Amino acid sequence: MADYLFLGALTRDFILPPEDKPLVDVPGGGAAYAAAGAALWGAHPALVARVGEDFPRRWLQDFRQRGWDVQGVRILPRRLEDRRVRIYDANGRLSTEQPLNAFTRRKVPFPKALLNYRPLSLRRTDLHKPTEHTLRLSDLPPHYGEARGAHLTPYDYLTHNLLPAALRNGGVPFVTLEPHPAYMSSLFFDDLPPLFHGLTAVLAPESTMRTLFSEHSVDLWEMATILGQWQVEFVVIRRERGDVWVYETQTQRRWVIAGYPATPTNPTGAGNAFGGAFLVALRETLDVVQAAVRGAATASLAVETHGVAGLLESLPALLHARAAVIARQVRRV
């Protein structure tokens with residue numbers, strides 16, 4: 001029986017890491033990485049996503065064999081753009097280089113599967129318009145209200161605006177969300193309080209927080225306080241330098257969790273893996289600091305492994321050892 005829901009994208013990933021070997025046409029997407037992060041801590045994930053008829057069925061079968069519930073994966077009777085290209089520069093940052101140029105420059109054969117590739121982007125002018133990718137209430141699997149928690153990975157505005165309330169009303173006690181950069185803009189500042197209202201936790205990178213508050217504040221703790229006033233229990237900010245800031249709205253307590261000194265080889269999915277581990281730990285321990293610690297440990301492994309499959313092969317002893325190191329460095333501020 002699945003006990004946690006992970007909602008978002010399932011993608012066919014084509015990744016050129018900073019230095020390591022490329023990953024060509026492998027399973028990816030926010031929902032998959034979050035589920036993997038949760039599975040490392042003993043969870044039985046359920047995926048909620050939309051894919052096209054050409055999405056590899058063998059990947060879904062592999063998820064089933066791992067004990068994941070894929071009833072919530074809606075296979076549409078047509079092709080759906082699910083390819084995702086991630087090209088990183090030498091510093092581990094996403095590059096805007098064209099895929100053909102990047103593969104050629106690195107002397108990697110250009111994948112035939114990327115012919116006619118056009119990256120899917122969420123334009124701010126279209127945020128209120130549903131697309132084929134937008135998750136609907138009907139996409140939720142049977143008995144979803146029995147889940148112990150749900151995490152929404154970065155996705156379109158309508159999905160994030162509609163589904164959290166439906167999940168809570170259906171009986172899911174813990175609902176966490178990582179916002180998408182497309183709507184984390186000062187232009188939509190006044191639209192976001194209803195979207196965040198009632199969430200257990202908002203997990204956001206520092207960059208998206210700063211973009212949202214560009215006309216309001218430069219202080220991250222002040223940003224977290226404002227989000228808390230929008231009826232969010234916990235605000236978790238992943239800093240660019242690697243540490244994690246945690247704010248508890250009810251008590252106004254604040255913590256800083258130091259990042260683990262990992263050696264990044266492939267940053268793809270680290271934030272999603274953090275979210276999956278965070279949700280499971282928060283539900284199981286009711287301790288937001290422990291949740292952030294486990295999230296940080298999981299993310300540190302994600303940046304050192306190769307895709308979803310590589311993350312799932314991580315040694316449990318290594319994961320727990322990293323969590324123990326990070327826990328010893330937690331600071332109350």
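When you look at Lys21, is it over 17 Å from Thr268 (Cβ atoms) and charged (D, E, K, R), yes or no?
The answer is no for Lys21.
Would it be correct to say that Ala90 is within 21 Å of the chain's Cα centre (by Cα) and either closer than 30 Å to Glu284 by Cα or of a type outside the set (Val, Ile, Thr) (or both)?
In short, no.
From Arg57, Arg79, which residue is touching a Gly at 6+ places or on another chain (Cβ under 8 Å), surrounded by fewer than 16 Cβ atoms within 10 Å (Cβ to Cβ) and either free of Cβ contacts under 8 Å to residues at least 60 places away in the same chain or over 28 Å from Ala296 (Cβ atoms) (or both)?
Step by step, each of Arg57, Arg79 is checked, and only Arg79 is touching a Gly at 6+ places or on another chain (Cβ under 8 Å), surrounded by fewer than 16 Cβ atoms within 10 Å (Cβ to Cβ) and either free of Cβ contacts under 8 Å to residues at least 60 places away in the same chain or over 28 Å from Ala296 (Cβ atoms) (or both).
Within region 227-247, does at least one residue satisfy the condition of being surrounded by fewer than 18 Cβ atoms within 10 Å (Cβ to Cβ), out of contact with any His (no Cβ under 6 Å at 6 or more places or on another chain), more than 27 Å from His143 (Cβ to Cβ) and polar (S, T, N, Q)?
yes
Checking the structure you have, find out if any residue of region 241-264 is touching a Pro at 6+ places or on another chain (Cβ under 9 Å), not in a loop (DSSP other than H, G, I, E, B) and not hydroxyl-bearing (Ser, Thr, Tyr).
no
Taking only region 4-39 into account, find how many residues are out of contact with any Ser or Thr (no Cβ under 6 Å at 6 or more places or on another chain), farther than 29 Å from Thr104 by Cβ and either modelled with pLDDT under 95 or among the hydrophobic types (A, V, I, L, M, F, W, C) (or both).
Within region 4-39, residues that are out of contact with any Ser or Thr (no Cβ under 6 Å at 6 or more places or on another chain), farther than 29 Å from Thr104 by Cβ and either modelled with pLDDT under 95 or among the hydrophobic types (A, V, I, L, M, F, W, C) (or both) number 7.
For Leu177, work out the one condition from (1) under 22 Å from Ala299 (Cβ atoms); (2) of a type outside the set (Asp, Glu); (3) surrounded by fewer than 23 Cβ atoms within 10 Å (Cβ to Cβ) it doesn't fulfil.
Among (1) under 22 Å from Ala299 (Cβ atoms); (2) of a type outside the set (Asp, Glu); (3) surrounded by fewer than 23 Cβ atoms within 10 Å (Cβ to Cβ), the lone unmet condition for Leu177 is (3).
In the set Val232, Val244, which member is aliphatic (A, V, I, L, M) and under 24 Å from Ala147 (Cβ atoms)?
Going through Val232, Val244 in turn, the sole match is Val232.
List the number of the failed condition for Asn272; all other conditions in (1) in a loop (DSSP other than H, G, I, E, B); (2) under 14 Å from the mean Cα position of the chain (by Cα) hold.
(1)
Checking Asn266 against (1) crowded, with 20+ Cβ neighbours inside 10 Å; (2) over 30 Å from Ala309 (Cβ atoms); (3) of a type in the set (S, T, N, Q): exactly one of these is not met. Which one?
(2)
Looking at this structure, is Ala49 assigned to a helix (DSSP H, G or I), within 20 Å of the chain's Cα centre (by Cα), buried (at least 16 other Cβ atoms within 10 Å of the Cβ) and in contact (Cβ under 8 Å) with a residue 60 or more places away in the chain?
When the stated conditions are applied, Ala49 does not pass them.
How many residues, within region 200-226, are among the hydrophobic types (A, V, I, L, M, F, W, C) and touching a Lys or Arg at 6+ places or on another chain (Cβ under 9 Å)?
Of the residues in region 200-226, 7 are among the hydrophobic types (A, V, I, L, M, F, W, C) and touching a Lys or Arg at 6+ places or on another chain (Cβ under 9 Å).
Every residue in region 170-206 that is among the polar types (S, T, N, Q) and modelled with pLDDT under 95, please. Break it down into steps so the answer makes sense when it comes.
First pass over region 170-206, keeping only residues among the polar types (S, T, N, Q): 176, 185-186, 200.
Scanning region 170-206 gives Ser185, Ser186.
Inside region 1-46, can you point out the residues that are acidic (Asp, Glu) and surrounded by 22 or more Cβ atoms within 10 Å (Cβ to Cβ)?
Asp13, the sole residue that qualifies.
The values are calculated or read from the model by the stated rules, or taken from the named source; none is laboratory data. The model shown is predicted, which means the values in this text are computed figures rather than measured ones. Note that each Cβ is placed from the backbone with ideal geometry, even for glycine, and that neighbours are counted across all protein chains shown.
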